[in-house]
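Have a look at the structure below before the remarks.
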Amino acid sequence: MSTITSRNSLVNGGTNRYEFVAGATIALSALLFALGMTALFEFVTLTDPIAGVPTVSVLGGLLVLIGIGVIGLGVSSSLELIETTPDRSAGLVAGVVFGGLWFGIGGIVAAGILGLGGAGWILPALLLGGGAFAVTTFTREDIGSTVPAGVLAILAGGVFLTGVLGPGWSYSPGSFPSDNAVTFFPSVIVPGSVLFCSLLVGWASAKAYAGFGARGRHLGAHVLIYLNALGIIAVLFGLVGFVVIKGAPTAFTEVAIGPGVGPEVSVLGLSFSLPVSWPFLMNGASVFVRVDGILPAVVGTVWLVVGAVLFAVPIAVGAAVFLAEYADEGRFTSVVEVATNGLWSTPSIVFGLFGASFLIPRFGGSKSLIAGMLTLGFMLLPLVLITSREAMLAVPDEYRDASAALGVSKWQTIRSVVLPAALPGVVTGIILGVGRIAGETAPILVTMAGGTLPAGGETVDVIGGFEFIATPPFVTNEALLQASSALPYQLYALITAGLGGPQFEDAPFTALEFAWANAFVLLTVVLSFYAIGITTRYYFRRKLNR
Amino acid sequence: MSEPSPTTETTESESTDTNDPTSTRTAATASMSGTSTTTGESEEELREEWTDYQFAGETHVAAENLDVHYGDDHALKDISIDIPSESVTALIGPSGCGKSTFLRCINRMNDRIRAAEVDGSVEVDGVEIYQDGVDLVELRKRVGMVFQQPNPFPKSIRDNVSYGPRKHGDIRTGLIDRLLGRGESDAELELVERALKRAALYDEVSDRLGDNALGLSGGQQQRLCIARALATDPDVLLMDEPASALDPIATSKIEDLITDLSEEYTVVIVTHNMQQAARISDQTAVFLTGGHLVEYDDTDKIFENPESQRVEDYISGRFG
Ligand SMILES: Nc1ncnc2c1ncn2[C@@H]1O[C@H](COP(=O)(O)OP(=O)(O)OP(=O)(O)O)[C@@H](O)[C@H]1O
Ligand SMILES: [Mg+2]
């Protein structure tokens with residue numbers, strides 16, 4: 001039946017204009033959704049004009065437009081001006097959603113704008129909610145799914161256009177304790193309702209575009225999913241972009257490239273000047289340098305992660321080999337599994353307490369780099385163990401049989417067949433784990449961290465710290481026993497010291513800018529570890545597959 | 001076999017629990033076949049002389065009163081068979097009659113199955129392999145195996161073939177050896193080439209020995225597995241339905257290859273394909289449901305004039 005009607009709609013004369021309006025409404029909804037996103041992240045300010053018109057008014061006008069558009073679509077479909085295949089009803093789910101929405105709007109308008117006190121708001125809320133539910137559920141699908149959405153958009157747009165929600169407006173729901181009342185400002189409410197209305201109208205007009213019915217629901221769901229995915233991706237990129245925009249200019253202060261501009265370094269007794277000068281990354285923070293920098297924290301974080309990985313990965317992979325290859329599947333392995341899962345979800349400050357009470361007394365009694373490394377290593381252990389074990393269990397038994405049938409011993413089979421096949425999985429575990437520990441603040445705070453803003457001279461020199469001596473243990477490393485800074489800890493210290501503080505009197509930036517630049521560098525360091533991990537995994541995968 | 005640990009016992013009892021319906025069914029079928037045949041016929045079902053195959057050459061593999069249990073499941077019952085050297089022996093029989101189990105007894109791959117318990121004796125080259133102190137590495141070097149599904153390692157073609165010899169230290173390509181100038185990459189290449197040529201694969205892959213073996217077709221993978229088994233220089237080659245996943249052309253390549261191999265190797269092959277068994281084997285052993293070896297003789301004799309009525313029915317497709 002639906003095939004016949006859709007064949008009819010192909011030859012129907014009025015279809016083209018209808019489809020154009022529907023398509024335009026979808027496109028406008030998407031545009032509005034994007035505008036709402038940018039407004040939410042304050043890339044555009046609501047009072048700024050777009051082409052001479054205040055942004056609020058533009059948003060309001062567009063909302064009214066798409067509202068009218070979508071209602072028009074629904075009405076022309078229900079008047080049978082064009083061939084569509086609507087169901088008898090938009091369905092209970094849509095009914096409940098629209099009913100709930102309009103119930104809330106009725107309540108807010110009655111209580112907040114009309115000022116009906118006590119329980120006076122309930123009646124209008126019930127009336128509106130019930131009405132919307134009835135319209136959605138008991139009319140044909142073309143009316144039921146377009147009109148409630150369209151009216152909502154027109155209402156919101158009208159409110160923006162008439163200036164009821166001016167810049168000075170705010171709304172505090174009365175039910176909260178008066179002192180610290182929750183207050184909503186237009187900068188949140190306007191983008192929020194724009195996003196919401198554009199989602200609804202986009203969905204409804206997508207249904208209309210496909211002529212309602214099964215095809216309509218399909219397209220409507222698609223538009224919803226795409227807009228939602230768009231929103232999530234926008235949030236992710238927005239967050240990263242935000243940090244970059246706020247932090248990068250400070251981080252790149254006075255970078256210079258050219259022969260001999262950089263600080264002097266000596267490698268193998270040869271001393272020369274680096275061809276790059278990057279003060280923010282190459283200086284510590286002290287009164288002797290003009291551009292204060294975060295070198296000690298960067299070096300501290302890198303060594304911290306390297307140390308934790310070097311400590312945890314061999315142990316974890318070894319344990320995983322035992323669990324996956326040697327231990328019988330049974331009560332013991334399931335206990336270990338529960339324990340490792342539990343360890344992985346243990347709050348990091350608990351690991352910090354362990355480090356502070358158990359490790360620090362054993363490593364010289366004061367906070368030290370090695371205590372931090374081991375603490376984070378213990379945090380990393382369970383995840384690498386879990387993922388490595390899974391990866392090894394996923395290696396097909398055929399490989400083991402084939403190897404055994406060639407007379408190769410179990411250990412050699414594990415080393416040359418099972419482990420290589422499981423490596424990508426192991427690396428995935430390391431990537432995820434490093435992503436978590438590199439940004440940890442709490443355990444570092446109690447096991448490793450030194451001064452708030454260390455000077456360049458306090459940079460740990462792990463490689464240079466090795467000293468060889470004639471008596472056991474033959475090698476010592478003073479640097480590992482020093483306290484050190486790390487990027488997340490330094491950010492924490494900056495925030496607690498007060499971002500308005502006059503810490504950088506002679507520097508070309510404020511404490512707040514310094515903190516954003518610190519965050520930017522932290523993000524970059526973590527992402528670089530990711531990049532290294534993903535490249536390694538890609539390399540091992542390729543080796544397995546080609 | 002070693003003492004089972006407590007955990008082993010739990011898993012075993014669990015597996016028997018879950019297998020219970022099946023094992024009851026097997027028991028039921030067994031008792032049904034026992035009742036449905038008359039006493040005279042069931043006497044006739046198994047006769048010593050049907051499996052008492054006389055041949056001229058020397059015996060390479062000899063099984064004597066071999067019984068295999070998987071938990072409560074008695075999979076192989078009192079198998080005695082002598083397999084002549086440098087020939088092709090086909091094992092045929094309906095699904096689940098224990099052909100693979102028997103094959104795995106010859107290179108002790110059953111050791112890897114926890115539930116399996118083997119009683120009786122198997123001799124390879126006149127040496128009992130089910131005694132203490134048997135070197136499994138040496139045994140499996142002498143008795144190679146090719147599985148039903150091609151199972152190359154996710155490594156390059158070259159590494160797949162040289163895997164066995166390398167792990168056994170027969171060719172040295174390790175870093176230390178290379179540094180000491182003892183590296184034998186030429187020897188490795190030569191060995192790889194020889195094994196691939198034996199397995200009739202070399203011409204197809206000679207220009208991409210470094211490519212991953214998983215990129216080969218199914219038939220090529222199976223021949224690669226044969227090459228991999230040949231590279232450790234075995235005397236006996238066990239093949240468990242090596243052509244079951246292959247198209248007719250690849251199958252005929254593998255059949256030709258088996259015929260070639262039988263000049264140097266003792267080949268024992270399981271197959272479900274009667275024509276294949278008739279084409280390539282010198283002698284055929286017929287296993288029937290219940291894990292009995294019913295008849296064992298020259299292939300021509302088995303296919304043209306079997307002694308047992310049940311074997312004749314099976315071969316002519318009337319049951320099984
Ligand atoms: N790993 C195992 N654990 C438990 N029982 C097994 C196992 N392998 C085989 N068996 C049982 O042993 C019996 C013989 O199995 P086997 O694999 O030797 O049969 P087959 O003759 O090779 O059959 P097919 O032709 O289908 O491969 C079957 O009843 C099977 O259920
Ligand atoms: Mg089998």
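The values are calculated or read from the model by the stated rules, or taken from the named source; none is laboratory data. All values derive from a computational prediction rather than experimental measurement. Please note: Cβ atoms are built from the backbone with ideal geometry, for glycine as well, and neighbour counts cover all protein chains shown. Protein only, heavy atoms only, side chains kept; ligands, DNA and RNA dropped before computing areas. Shrake-Rupley method; radii C 1.70, N 1.55, O 1.52, S 1.80 Å.
Please name all residue pairs, on different chains or six or more residues apart, with Cβ atoms under 6 Å, provided the first residue is in region B:72-96 and is farther than 12 Å from residue B:293 by Cβ and the second residue is modelled with pLDDT of 90 or more and acidic (Asp, Glu).
Short answer, once both residue conditions are applied: B:87/B:282; B:88/B:282.
Okay, residues lined up against (1) closer than 23 Å to residue B:62 by Cα; (2) within 14 Å of chain A (Cβ to nearest Cβ); (3) within 14 Å of ligand 2 (Cβ to nearest atom); (4) among the acidic types (Asp, Glu):
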site	(1), (2), (3), (4)
B:242	yes, yes, yes, no
B:253	no, no, no, no
B:258	yes, no, no, no
B:264	yes, no, no, yes
B:269	yes, no, yes, no
B:274	no, no, no, no
B:280	yes, no, no, no
B:290	yes, no, no, no
B:295	yes, no, no, yes
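Check off (1) more than 10 Å from chain B (Cβ to nearest Cβ); (2) of a type outside the set (Val, Ile, Thr); (3) closer than 30 Å to residue B:240 by Cα for residue A:389 and give me the number that stays unchecked.
Unmet for residue A:389, out of (1) more than 10 Å from chain B (Cβ to nearest Cβ); (2) of a type outside the set (Val, Ile, Thr); (3) closer than 30 Å to residue B:240 by Cα: (3).
Check region A:284-291 and report whether any residue there is at pLDDT 85 or above and of a type in the set (Ser, Thr, Tyr). Show your work before the answer.
Restricting attention to region A:284-291, the residues satisfying the condition of being at pLDDT 85 or above are none.
No, because not a single residue in region A:284-291 is at pLDDT 85 or above and of a type in the set (Ser, Thr, Tyr).
So, of the residues in region B:206-223 that are over 23 Å from the mean Cα position of the chain (by Cα) and either away from every other protein chain (no Cβ under 14 Å) or not in a helix (DSSP H, G or I) (or both), which turns out to be nearest to ligand 2 (Cβ to nearest atom)?
Across region B:206-223, the extreme among qualifying residues is B:216.
Scan region A:408-418 residue by residue and report those that are facing chain B (nearest Cβ under 8 Å) and under 14 Å from residue B:160 (Cα atoms). Spell out the reasoning first.
Residues of region A:408-418 that are facing chain B (nearest Cβ under 8 Å), as a first pass: A:408-409, A:412, A:416-417.
Within region A:408-418, A:408, A:416, A:417 meet the criteria.
If the requirement is being within 11 Å of ligand 1 (Cβ to nearest atom), away from every other protein chain (no Cβ under 13 Å), open to solvent by 50 Å² or more (accessible area, probe 1.4 Å) and farther than 17 Å from residue A:404 by Cα, which of these qualifies: B:123, B:86, B:117? Working first, answer last.
Details: B:123 fails: within 11 Å of ligand 1 (Cβ to nearest atom); B:86 fails: within 11 Å of ligand 1 (Cβ to nearest atom).
Unique residue meeting the criteria: B:117.
Looking at residue A:402, is it assigned to a helix (DSSP H, G or I), buried (at least 22 other Cβ atoms within 10 Å of the Cβ) and within 11 Å of another protein chain (Cβ to nearest Cβ)? Lay out the reasoning, then the answer.
Details: assigned to a helix (DSSP H, G or I): yes; buried (at least 22 other Cβ atoms within 10 Å of the Cβ): yes; within 11 Å of another protein chain (Cβ to nearest Cβ): yes.
Here the answer is yes, as residue A:402 does meet what is asked.
Out of all the residues in region A:308-331, is one or more touching an Asp or Glu at 6+ places or on another chain (Cβ under 7 Å) and either surrounded by 13 or more Cβ atoms within 10 Å (Cβ to Cβ) or within 14 Å of chain B (Cβ to nearest Cβ) (or both)?
No, that holds for no residue.
From the list B:269, B:249, B:226, B:254, exactly one residue is in a strand (DSSP E or B) and either open to solvent by 40 Å² or more (accessible area, probe 1.4 Å) or not polar (S, T, N, Q) (or both). Which is it? It would help to see each step written out before you state the result.
Values: B:249 fails: in a strand (DSSP E or B); B:226 fails: in a strand (DSSP E or B); B:254 fails: in a strand (DSSP E or B).
None of the others qualify; the one that does is B:269.
Would it be correct to say that residue B:188 is open to solvent by less than 60 Å² (accessible area, probe 1.4 Å) and at positive phi? Lay out the reasoning, then the answer.
Values: open to solvent by less than 60 Å² (accessible area, probe 1.4 Å): yes; at positive phi: no.
For residue B:188, the condition - open to solvent by less than 60 Å² (accessible area, probe 1.4 Å) and at positive phi - is not met.
Output the residue which, of all residues in region B:294-320 that are of a type in the set (A, V, I, L, M, F, W, C) and open to solvent by 20 Å² or more (accessible area, probe 1.4 Å), is farthest from ligand 1 (Cβ to nearest atom). Please lay out each step first, then the result.
Let us first name the residues in region B:294-320 that are of a type in the set (A, V, I, L, M, F, W, C), namely B:294, B:302-303, B:311, B:315, B:319.
Applying the additional criterion that residues be open to solvent by 20 Å² or more (accessible area, probe 1.4 Å) yields B:303, B:315, B:319.
Values: B:303: 19, B:315: 15, B:319: 15 Å.
By that ranking, first place goes to B:303.
Out of all the residues in region B:281-301, is one or more in a helix (DSSP H, G or I) and of a type in the set (A, V, I, L, M)?
Of all residues in region B:281-301, those in a helix (DSSP H, G or I) come to B:299-301.
Going one step further and asking which of them are of a type in the set (A, V, I, L, M), we end up with none.
So far as region B:281-301 goes, no, none of its residues is in a helix (DSSP H, G or I) and of a type in the set (A, V, I, L, M).
Here are A:394, A:449: which of them is away from every other protein chain (no Cβ under 11 Å) and either surrounded by fewer than 19 Cβ atoms within 10 Å (Cβ to Cβ) or of a type in the set (Phe, Trp, Tyr) (or both)? So that I can check it myself, show each step before the final result.
Working: A:449 fails: either surrounded by fewer than 19 Cβ atoms within 10 Å (Cβ to Cβ) or of a type in the set (Phe, Trp, Tyr) (or both).
So the residue among A:394, A:449 that is away from every other protein chain (no Cβ under 11 Å) and either surrounded by fewer than 19 Cβ atoms within 10 Å (Cβ to Cβ) or of a type in the set (Phe, Trp, Tyr) (or both) is A:394.
Could you please find all residues in region A:186-216 being without any contact (Cβ under 8 Å) to a residue 12 or more places away in the chain and not in a helix (DSSP H, G or I)? Before you say what the answer is, go through the steps one by one.
From region A:186-216, those without any contact (Cβ under 8 Å) to a residue 12 or more places away in the chain are A:196, A:210; that's our starting set.
Within region A:186-216, A:210 is the sole residue that qualifies.
In region B:135-174, which residues are more than 7 Å from every other protein chain (Cβ to nearest Cβ), closer than 20 Å to residue B:108 by Cα and of a type in the set (Val, Ile, Thr)?
B:143, B:146
Name every residue in region B:188-205 that is within 20 Å of the chain's Cα centre (by Cα) and either within 11 Å of chain A (Cβ to nearest Cβ) or within 12 Å of residue B:157 (Cα to Cα) (or both), in order of residue number. Let's see the steps before the verdict.
Going residue by residue through region B:188-205, those that are within 20 Å of the chain's Cα centre (by Cα) are B:195, B:198-199.
If the condition is that a residue be within 20 Å of the chain's Cα centre (by Cα) and either within 11 Å of chain A (Cβ to nearest Cβ) or within 12 Å of residue B:157 (Cα to Cα) (or both), then B:195 is the only one that fits.
Count, please, the residues in region B:229-243 that happen to be within 16 Å of ligand 1 (Cβ to nearest atom) and open to solvent by less than 10 Å² (accessible area, probe 1.4 Å). So that I can check it myself, show each step before the final result.
Here is the first cut: in region B:229-243, the residues within 16 Å of ligand 1 (Cβ to nearest atom) are B:238-243.
Applying the additional criterion that residues be open to solvent by less than 10 Å² (accessible area, probe 1.4 Å) yields B:238-239, B:242.
Qualifying residue count for the region: 3.
Among (1) aliphatic (A, V, I, L, M); (2) out of contact with any Lys or Arg (no Cβ under 8 Å at 6 or more places or on another chain); (3) under 17 Å from residue A:368 (Cβ atoms), which single condition is residue A:419 missing?
The single condition residue A:419 does not satisfy is (3).
Kindly indicate which of A:434, A:426 is in a helix (DSSP H, G or I) and within 27 Å of residue A:494 (Cα to Cα). If you could, list the steps in order and put the result at the bottom.
On the way: A:426 fails: within 27 Å of residue A:494 (Cα to Cα).
Of A:434, A:426, the one residue that is in a helix (DSSP H, G or I) and within 27 Å of residue A:494 (Cα to Cα) is A:434.
State which residue is farthest from ligand 2 (Cβ to nearest atom) when the search covers only region B:119-139 and only residues that are within 16 Å of the chain's Cα centre (by Cα) and touching a residue at least 40 places away in the same chain (Cβ under 8 Å).
B:123
Against the conditions (1) open to solvent by 20 Å² or more (accessible area, probe 1.4 Å); (2) more than 16 Å from ligand 1 (Cβ to nearest atom); (3) within 14 Å of another protein chain (Cβ to nearest Cβ); (4) of a type in the set (A, V, I, L, M, F, W, C), where does residue B:56 fall short? Just the number, please.
(3)
Quick test of your reading of the structure: residue A:139 fulfils all but one of (1) within 23 Å of residue A:219 (Cβ to Cβ); (2) modelled with pLDDT of 90 or more. Name the failing condition by number.
(2)
One residue is enough: does region B:307-320 have a residue meeting the conditions charged (D, E, K, R), assigned by TED's automatic domain parsing to the domain that holds residue B:245 and touching a Leu at 6+ places or on another chain (Cβ under 8 Å)?
Yes, some residue in region B:307-320 is charged (D, E, K, R), assigned by TED's automatic domain parsing to the domain that holds residue B:245 and touching a Leu at 6+ places or on another chain (Cβ under 8 Å).
Any idea which residue in region A:533-546 is farthest from the other protein chains (Cβ to nearest Cβ), counting only those that are free of Cβ contacts under 8 Å to residues at least 60 places away in the same chain and more than 10 Å from residue A:427 (Cβ to Cβ)?
Restricting attention to region A:533-546, the residues satisfying the condition of being free of Cβ contacts under 8 Å to residues at least 60 places away in the same chain are A:535, A:538-539, A:542, A:545-546.
Add one more test, that the residue is more than 10 Å from residue A:427 (Cβ to Cβ), and what stays is A:542, A:545-546.
Numbers: A:542: 9, A:545: 6, A:546: 5 Å.
Among those residues, the one meeting the criterion is A:542.
Can you find, within region B:89-114, the residue that is farthest from ligand 1 (Cβ to nearest atom) among those that are within 14 Å of chain A (Cβ to nearest Cβ) and of a type in the set (Lys, Arg)?
Quick first cut of region B:89-114, residues within 14 Å of chain A (Cβ to nearest Cβ) only: B:100, B:103-114.
Filter again for of a type in the set (Lys, Arg), leaving B:104, B:108, B:112, B:114.
Working: B:104: 8, B:108: 14, B:112: 9, B:114: 9 Å.
This residue is B:108.
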